[in-house]
Every structure is written in structure tokens, then in C-alpha cells.
Amino acid sequence: MGGYYHLLRAVIVRDLLIWIRYPVNAGMRLFINLLFFGMLLYGGTLLAGQAMADSLEGLIVGYFLWSLATGAYSGIVNDIQAEAGWGTLERHFVTPFGFGPVVLAKAVAIVFRTFLTSAVVLAAMLLATGTRLDLHLVTVVPVATLAIASTLGLGLAMGGLSVLYKRISSVVNLLGFAFVGLISAPVFDVPWLAALPLVQGSALLQLAMRSGTRLWEFDPAALAVLVATAVGYLALGYAVFGLATRRARRLGVLGDY
């Protein structure tokens, strides 16, 4: 009998295999991410000149977090929609592990893959611009993980609604664009913005990667807000996902596509 470790390992390997076995699609996604950054950098340099050069580090950190957030958010939504389209979503309800652990394992796998792809994008941005950032993994990885946990919760909620209402791509895409505003929100000037997803994580990640602030040097209250928003939005998203899929089962539309 396999345990939860075997479940997690199998789901991660499956997710990576699906990504690797379509190399053109995977490569194009990385290329498009870099192309967007190049357009943003080139356009900003033409318009702002020296001001753009002075804020280049902040732009790179913000774009790195944006690629992480959108990868985790769209990854879980697309995975749930794909499972519904393949007709395999129902099988998760009859596994020995239960539906919840399988979905959480999928979330972990998507976050793991997103970190790998975003790390490639970050390395390419640093090489292309000649910029140096403080990449203290003990600080960057936990802060970034907690930051994107809130977007993962939003992805679970949207995934559940897509199972129930089928086509909600306009809403999903609109929410994805909102991440840009959340990442650049002035949390130090407007403290209540820290309650929104990504906002607190973006501020702390900027301090970690630009100023070299270590995890244990952050204000405990700031870390508490980061953990609370991560856990809160993830729990809320999982609850919405559970309610939506439960209603879809009652209506008999869980396997409809």
C-alpha cells in the first residue's frame, strides 16, 4: 500500500512528464515570458530612460514574482479544466487517499514546476541585464512560496467554479491581470493593502532580493501577516473548490465538458 509520500511523488513526476513531453509548448511559454520582459524593459527604457535603469532591480523582482503567481494560478485552473475535459476528474473522488489530498498534491506539484520555470526566467533576466540580486534561498524560497500560496487559493476557487459553470475563461484571465496591480501595490504607504493576496509577499521579497534582508531579520508582525494571508486565501480557495465540486456532483455535471 502506498502512502502520502508515494502519492506526492507520483503527482509531481506526472506533472513534470506532461510538461516535458510537450517541449514546443513548454519552450514557447518560457520564450513568451522572456519576450514580455524584453518588451517591458525596452519600452520602459525608451519612455523613462535613467528612471527605468534606477528601478531595474525592482522590475526584475516584481516580474519574477508575477511569473510565479501566474504560473501557480493558471496552472491549477488549467489542470482542473483539463481533468474535467479528459473525463478523469471523477476518479479523484474514489481514490484511497480521498479527493482533498490529491488536489493538494497537485497544488504542490504545480508550485514545484513553477519555481523551476520561473528560476530559468530569473536567470535569463539577470544575465540579459547584468543585474545582481541577493538570492538567499533560505529567505527567498519561503517568502515566495507564502506569497504565491494566496494565488494558488484563488486558482483553486476558479478551478472549482470552472467545473460547475464550465466556461469562465474571461473571469480567470481578468483576475490574472490583477496580479500586476497587487505586486506593485504601495503597502508601506497604505498598510491595509497587506490583507490582499500577493501584496505583503511582494514587499518582503523586494526587501530580501534587493536589500539582502534575511528571513529572521523581518518584523515578526510582517511575517505573521504574510503567513495569515497565505493560509487564509488557500483555505478559502479550497473551501470554494469543495463547495463548487460538491454542487456539481449533486447536479450531475461533474463530468460534463
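The values are calculated or read from the model by the stated rules, or taken from the named source; none is laboratory data. Here the structure is a predicted model, which means the values were calculated and not measured. For neighbour counting, all protein chains shown are included, and Cβ atoms are generated from backbone atoms with ideal geometry for every residue, glycine included. Accessible surface is based on the protein model in full, side chains and every heavy atom, while ligands, DNA and RNA are left aside. Shrake-Rupley method; radii C 1.70, N 1.55, O 1.52, S 1.80 Å.
Among LEU59, LEU104, the order of accessible area from largest down is LEU104, LEU59, computed with a 1.4 Å probe on protein heavy atoms. Using alpha carbons only, how many angstrom separate the centre of the stretch 10-40 from the centre of the stretch 107-166? Taking the Cα centre of each part, the stretch 10-40 and the stretch 107-166 sit 13 Å apart. Among ILE183, ILE110, the sequence by solvent-accessible area, most first, with a 1.4 Å probe is ILE183, ILE110. Along the Cα-to-Cβ line of ALA124, 7 Å from the Cα, sits a label point; which residues in the stretch 1-40 have backbone N less than 18 Å from it? So the set is 19-40. In whole percents, the pair-distance distribution calculated for the chain from its alpha-carbon pairs, binned every 5 Å from zero, is 1, 6, 12, 16, 18, 16, 13, 9, 5, 2, 1, 0, 0. Using 0.36 nm per residue and subtracting the Cα-Cα separation, the extra length available between LEU35 and VAL108 on full extension is 23.5 nm. Evaluated over the Cα positions of the stretch 82-125, the convex hull gives a direction-averaged projected area, one quarter of its surface, of 3.7 nm². Annotation: LYS106 carries an accessible surface of approximately 20 Å², with a 1.4 Å probe and no ligand, DNA or RNA atoms counted. Ranking of ILE168, ILE32 by solvent-accessible surface, largest first: ILE32, ILE168 (1.4 Å probe, protein heavy atoms only, all chains present). Once the Cα-Cα distance is subtracted from the 0.36 nm per residue extended length, the VAL227 to TYR5 segment shows a gain of 77.5 nm.
Per-residue 3J(HN,Hα) values for the stretch 123-132, derived from phi via the Karplus relation 6.51 cos²θ - 1.76 cosθ + 1.60 with θ = phi - 60°, read 4, 5, 5, 5, 5, 5, 9, x, 8, 10 Hz in sequence order (x marks Gly and Pro).
For the stretch 94-117, the residues whose backbone nitrogen is under 16 Å from a point 7 Å from the Cα of LEU16, taken along Cα to Cβ, are 106-117. For the stretch 85-179, place one equal point scatterer on every Cα, skip the solvent, and apply the Debye formula. What is log10 of I(q)/I(0) at q = 0.21 Å⁻¹? Result of the Debye calculation: -1.20. Summed over qualifying helices (DSSP H, 4 residues or more, each -39500 (n - 2.57)) and divided by its residue number, the chain shows a 222 nm mean residue ellipticity of -27000 deg cm²/dmol. Between THR131 and ALA239, the modelled label-to-label distance comes to 3.8 nm, taking each label 7 Å out from Cα in the direction of the beta carbon.
Straightening the chain between VAL94 and MET28 buys 20.2 nm, computed as 0.36 nm per residue apart minus the Cα-Cα spacing.
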